[in-house]
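The values are calculated or read from the model by the stated rules, or taken from the named source; none is laboratory data. Please read all numbers here as calculations on a predicted model, not as lab measurements. Note that each Cβ is placed from the backbone with ideal geometry, even for glycine, and that neighbours are counted across all protein chains shown. Keep in mind that these areas ignore ligands, DNA and RNA; they rest on the heavy atoms of the full protein, side chains included. Shrake-Rupley method; radii C 1.70, N 1.55, O 1.52, S 1.80 Å.
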Amino acid sequence: MSDQPSDFPLTSGIINHLHNPRHVDSTNAVVRENASGWEDWTVVATFSQAAGKGRLGRSWVTRPGESLSVSILMPQMDENFRSWLPLVVGATVVRAIQSLGITSARLKWPNDVLVNSLKLGGVLCEVLPDKRVVAGVGINLDFGGESPPAPGATALGEHMTVQVGTSDALLHSVIASLIMWSDTTEEDTRRVSRDVVEPVLETLGSQVSVIENDGSSWKGEAVRLDDEGHLMVRASQSGDVKTVVASDIVHLR
């Protein structure tokens, strides 16, 4: 795969290798398959992805040209960094979108980017055998007047005018922020991660439904994040504060 950075001049200025294929099945898969020969901070970005994946094995469904799919090969990191990574990546995306003037952008724990409670994007992080991490990001750009490809979805084009350089500006902002975060010392990881995530995390203070992996559910108030970035929820019935690690969260109106 050759570098084709012409669509991303800003981003190409802060990393050494950006691959811009016209079409892939999955940007995360491309990074996984090539990572052994690639250096840290290599990026794959495309506007046409056929078989993207989301959290818990869900598919990320978009039509060609209507979304930006990106995977970033990040350095090796210890458990403190990895547990916070999906939240931090999501928060950097939210902050980049806010910088475009969409001030209602927020993060839903742990990895959904929302605008006015509709899903604009998502994050999927995968640890490689060499302990480096692939951070995958999908952002809906413009549905071109068509109906959303999935219920509850929204796109940047519904909130602003998407221009030629919009995707590049977003990606540049996200990668620059992640490089700064990855340079944080181990002892400062939790503090810095909280500072990045909590101000944009809509889930905190919200009434939520927690859907467990077996399909059961319970309700409560999301009260805080623990030191690993897990969600602490006070159950409505018992009043107990429970730690949510990998369950689905639904915001209740």
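Taking all protein chains as they are arranged and a probe of 1.4 Å, the heavy atoms of HIS17 leave approximately 70 Å² accessible to solvent. When nucleic acids and ligands are ignored and a 1.4 Å probe is applied, ILE249 ends up with an accessible area of around 10 Å².
Compute the acute angle (0 to 90°) between the alpha-carbon long axis of helix 79-99 and the principal axis of greatest extent of the alpha-carbon atoms of the chain; round to the nearest 10°. So the inclination is approximately 70 degrees. Computed over protein heavy atoms with a 1.4 Å probe, the accessible surface of the range 124-247 works out to 49 Å² per residue. Over the C-alpha trace of the chain, radius of gyration and Dmax come out as 17.6, 57 angstrom. Over the range 18-156, the reciprocal of the mean inverse Cα-Cα separation, the Kirkwood hydrodynamic radius, stands at 15.2 Å. Think of it as helices only: each DSSP H run of n ≥ 4 in the chain is worth -39500 (n - 2.57), and spread over all residues that comes to -7000 deg cm²/dmol at 222 nm. In the assembled protein chains, GLU66 presents an accessible area of approximately 10 Å² (probe radius 1.4 Å).
In the range 136-228, what trypsin sites (Lys or Arg not before Pro) fall in a loop by DSSP, with at most 16 other Cβ atoms inside 10 Å? Taking the range 136-228 and a limit of 16 other Cβ atoms within 10 Å, no loop trypsin sites (Lys or Arg not before Pro) are found. In terms of accessible area, using a 1.4 Å probe and ignoring ligands and nucleic acids, ASP112, ASP227 rank largest first as ASP227, ASP112.
Taking the C-alpha atoms only, the angle from helix 166-182 to the longest principal axis of the chain is near 60 degrees.
Probe radius 1.4 Å, ligands and nucleic acids left out: which of MET74, MET160, MET180 has the largest accessible area, and how do the rest follow?
MET180, MET160, MET74
Of the trypsin sites (Lys or Arg not before Pro) found in the range 104-151, those that fall in a DSSP loop while having at most 12 other beta-carbon atoms within 10 Å are LYS131. Here the chain has 49 percent of its accessible surface on carbon and sulfur atoms, given a 1.4 Å probe and all protein chains in place. Between SER236, SER182, SER48, the GNM of the chain built on Cα springs shorter than 10 angstrom shows SER236 fluctuating the most. Looking at SER182, PRO21, PRO151, which one has the Cα that reaches farthest to the positive end of the dipole of the chain (charges on Cβ: Lys, Arg +1; Asp, Glu -1)? Toward the positive end, the furthest listed residue is PRO151. Of the beta bridges in the chain, as assigned by DSSP with both residues counted there, near 90 percent are antiparallel.
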